[in-house]
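Enquirer: Quick one: the structure is below, questions incoming.
The values are calculated or read from the model by the stated rules, or taken from the named source; none is laboratory data. These numbers were taken from a predicted model, which means no experiment stands behind them. Every residue, glycine among them, receives a Cβ derived from its backbone with ideal geometry; neighbour counts consider all protein chains shown. All accessible areas refer to the heavy atoms of the entire protein, side chains included, with ligands and DNA or RNA removed. Shrake-Rupley method; radii C 1.70, N 1.55, O 1.52, S 1.80 Å.
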Amino acid sequence: MTRIIISAFLLFLLNTPLAAQTFMGESGTAEFTSKVPLHTFTGSSDFLIGQVNLVENTVDFYIDLTTLKTGNKKRDKDMLITLETKEYPFAEFFGNIQTEFDASNPAKQPVKVAGEFKIHGVTRKIEVDGTMQVTPEGLNIQAEWQLNIKDYNIVPPKLLVVKVDEVQDIKINAVLAPVNN
Amino acid sequence: MVRRLLFYFFFVVSIIIVPTLDLAAQMPRQRANPSGPVDEVFWAPRVVHLTSVTNLEKNNLDFNIKHTFGVLTNGVEDLFGLDAAANIRFGLDYGITDWLSVGVGRSRFDKLYDGRFKLNALRQKKDGSIPLELAFTGNAAILTVKNGYEVADRLSYMGGVILARKFSDRISLQVTPMFTHFNTVTIERDINDQVVEEINDIVALGIAGRVVLTERVALLVEYIPVLGDRNDQTEDALSVSFDIETGGHVFQLFFTTSQSMTEQHVVARNRDDFLNGDIRFGFNVHRVFSL
């Protein structure tokens, strides 16, 4: 009987991920750069929420789109109407790390993640290149990719507005703290 | 046999249940709730004639053009006032910070130049910790029409306190107690030989309300009763506006009694009565640029 209990306990431990291999943060930065004729503007938010599990190799990020600010209230309002944030408040990504990552190496390491990105109610599979680095503060993640708003059925307003470029440059930067179970 | 069954039981429990005790692979999505100021109590920095509590963000420039035409009651003869002499004001307002803006403007009537400021001292917060907006506003205007007056005689002023609240996404209200002063006033006789006397100082209360009808259209009402002594033969100004917001622009199409454009002139010079049909059409166009 004792052997059974010990065996079960060991199985318990084997299935429980190590605490320091799960990271989470709620104040990452997401930034997009948008181009219109003769003008480029940037919107950003400090409310990017993320979680990375190095045991299961999962990456999960989301942001409440209403927290994005471009420095112009009228433009912000147009953006939220265009993104239909009342119906689709989040942009979110959930995927897996595709490349090797050595958590014991403090150097910045390139990583590729693949998964599903969802915005405006449309989900598409994407691959994103970025870097991850274990620092004393946690796991620092940086990534950049391009988003074609047409792929997500996002139609910018046309009335009296110069049309926005379909391709938006997206950047994220987050420091995720280690999570203790 | 029993031991083996127990082992399998613990094995299955371990495989199936234990991982769910860990942090879920995908986090539940939760809306952010930044405790910042509420969005746009009014869409534009002006209601119709009144300065609205809405602030200009830092480095934002609001270019605004305002027209008021003649009264509608002249009918088709002057195309409901459109043929009459229009007062026109061009204005620029700039957000120095998120809580302080300054502006200048020039009106056609009396070739009037004005300079203004607005200081947003308190912002209503989304989390309810501050329930009201509080702002201070003021302007100084100088008429430059050739009439032989000294510079000091050409000046007029307005100072006001703006209190406002956005009750919901649809309903906003604002009150603006204000004090106006003209350095020079006149006493004259009208065509009926009645004495018409002006006074230097007038106190008035600007009241404004907004109902958002659709995502892009709102109905505004603005009423500016004079409190206490007033200029002879003047009436309280009343305006009704439809605000249309179209990406960076706010168009305000309004019906009003006053053809003047700065608050002190609206308070001191309006001689038309909305309920008597002395209504004129006008419009404001606001375009906000980020610098």
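Enquirer: Residue under question is B:GLU150, and the condition is that it be among the acidic types (Asp, Glu) and either in contact with a Ser or Thr (Cβ under 6 Å, 6 or more places away or on another chain) or surrounded by fewer than 19 Cβ atoms within 10 Å (Cβ to Cβ) (or both); does it hold?
Expert: yes
Enquirer: To continue, here is another question. With the requirement that a residue be open to solvent by 60 Å² or more (accessible area, probe 1.4 Å) and either touching a residue at least 24 places away in the same chain (Cβ under 8 Å) or assigned to a loop (DSSP other than H, G, I, E, B) (or both), what does segment B:184-200 give you?
Expert: B:ILE191, B:ASN192, B:ASP193, B:GLN194, B:VAL195, B:GLU197
Enquirer: Quick check on this structure: which one of A:PHE47, A:PHE93 is in contact with a helix residue (DSSP H, G or I) (Cβ under 8 Å, 6 or more places away or on another chain), aromatic (Phe, Trp, Tyr) and within 30 Å of B:GLU215 (Cβ to Cβ)?
Expert: Only one candidate passes the filter, namely A:PHE47.
Enquirer: Taking the condition touching a Pro at 6+ places or on another chain (Cβ under 8 Å), buried (at least 16 other Cβ atoms within 10 Å of the Cβ) and modelled with pLDDT of 75 or more, does A:ILE170 pass?
Expert: Answer is no for this residue.
Enquirer: Take segment B:119-138 and flag every residue that is farther than 17 Å from B:LYS166 by Cβ and open to solvent by 10 Å² or more (accessible area, probe 1.4 Å).
Expert: B:LEU119, B:PHE136
Here's the yes/no breakdown for (1) within 12 Å of the chain's Cα centre (by Cα); (2) under 20 Å from A:THR29 (Cα atoms); (3) within 14 Å of chain B (Cβ to nearest Cβ); (4) buried (at least 17 other Cβ atoms within 10 Å of the Cβ):
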site	(1), (2), (3), (4)
A:GLY95	yes, yes, yes, yes
A:LYS108	no, yes, no, no
A:VAL111	no, yes, no, yes
A:VAL122	no, no, no, no
A:LYS125	no, no, no, no
A:GLY130	yes, yes, no, yes
A:THR135	no, yes, no, no
A:GLU144	yes, yes, no, no
A:PRO178	no, yes, yes, no
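Enquirer: Find the residue count for segment B:70-112, including only residues that are basic (Lys, Arg) and not in a strand (DSSP E or B).
Expert: Of the residues in that region, 2 qualify.
Enquirer: So which residues in segment A:74-90 are free of Cβ contacts under 8 Å to residues at least 60 places away in the same chain and either farther than 18 Å from A:ALA30 by Cα or more than 7 Å from chain B (Cβ to nearest Cβ) (or both)?
Expert: Once the filter is applied, which keeps residues that are free of Cβ contacts under 8 Å to residues at least 60 places away in the same chain and either farther than 18 Å from A:ALA30 by Cα or more than 7 Å from chain B (Cβ to nearest Cβ) (or both), segment A:74-90 yields A:LYS74, A:ASP76, A:LYS77, A:MET79, A:LEU80, A:GLU84, A:THR85, A:LYS86, A:GLU87, A:TYR88.
Enquirer: When residues of segment B:259-276 are filtered for being in contact (Cβ under 8 Å) with a residue 60 or more places away in the chain and open to solvent by less than 20 Å² (accessible area, probe 1.4 Å), how many remain?
Expert: 8
Enquirer: Based on what the data block shows, is B:THR68 more than 14 Å from chain A (Cβ to nearest Cβ) and of a type in the set (Ser, Thr, Tyr)?
Expert: Yes, satisfied.
Enquirer: How about segment A:59-85: which of its residues are of a type in the set (Ser, Thr, Tyr) and over 15 Å from B:GLY247 (Cβ atoms)?
Expert: A:TYR62, A:THR66, A:THR67, A:THR85
Enquirer: Now, a different point. Just to verify a result, which residue in segment A:19-51, among those that are over 11 Å from A:GLN168 (Cα atoms) and among the aromatic types (Phe, Trp, Tyr), is farthest from the other protein chains (Cβ to nearest Cβ)?
Expert: Step by step, filter segment A:19-51, then rank; the result is A:PHE23.
Enquirer: Among (1) open to solvent by 20 Å² or more (accessible area, probe 1.4 Å); (2) hydrophobic (A, V, I, L, M, F, W, C); (3) at pLDDT 95 or above, there is one condition B:LEU112 misses while meeting the rest; what is its number?
Expert: Against the list (1) open to solvent by 20 Å² or more (accessible area, probe 1.4 Å); (2) hydrophobic (A, V, I, L, M, F, W, C); (3) at pLDDT 95 or above, B:LEU112 comes up short only on (1).
Enquirer: Quick check: is even one residue across segment B:72-91 open to solvent by 20 Å² or more (accessible area, probe 1.4 Å) and either at pLDDT 90 or above or within 15 Å of the chain's Cα centre (by Cα) (or both)?
Expert: Among the residues of segment B:72-91, at least one is open to solvent by 20 Å² or more (accessible area, probe 1.4 Å) and either at pLDDT 90 or above or within 15 Å of the chain's Cα centre (by Cα) (or both), which makes the answer yes.
Enquirer: Next up: If B:PRO225 satisfies every condition in (1) within 23 Å of B:PHE136 (Cβ to Cβ); (2) without any contact (Cβ under 8 Å) to a residue 24 or more places away in the chain; (3) more than 14 Å from the chain's Cα centre (by Cα); (4) open to solvent by 40 Å² or more (accessible area, probe 1.4 Å) but one, which is the exception?
Expert: So the condition that B:PRO225 fails would be (4).
Enquirer: Given the conditions (1) surrounded by 14 or more Cβ atoms within 10 Å (Cβ to Cβ); (2) assigned to a strand (DSSP E or B), and given that B:VAL211 satisfies all but one, which numbered condition is not satisfied?
Expert: Evaluating B:VAL211 over (1) surrounded by 14 or more Cβ atoms within 10 Å (Cβ to Cβ); (2) assigned to a strand (DSSP E or B) leaves (1) as the failure.
Enquirer: Further, regarding this structure: Taking B:SER107, is it touching a residue at least 40 places away in the same chain (Cβ under 8 Å), closer than 21 Å to B:ARG154 by Cβ and of a type in the set (S, T, N, Q)?
Expert: yes
Enquirer: Quick check on B:GLU235: is it out of contact with any Leu (no Cβ under 7 Å at 6 or more places or on another chain), assigned to a loop (DSSP other than H, G, I, E, B) and either over 23 Å from B:ILE279 (Cα atoms) or of a type in the set (A, V, I, L, M, F, W, C) (or both)?
Expert: No; evaluated as a whole, the condition is false for this residue.
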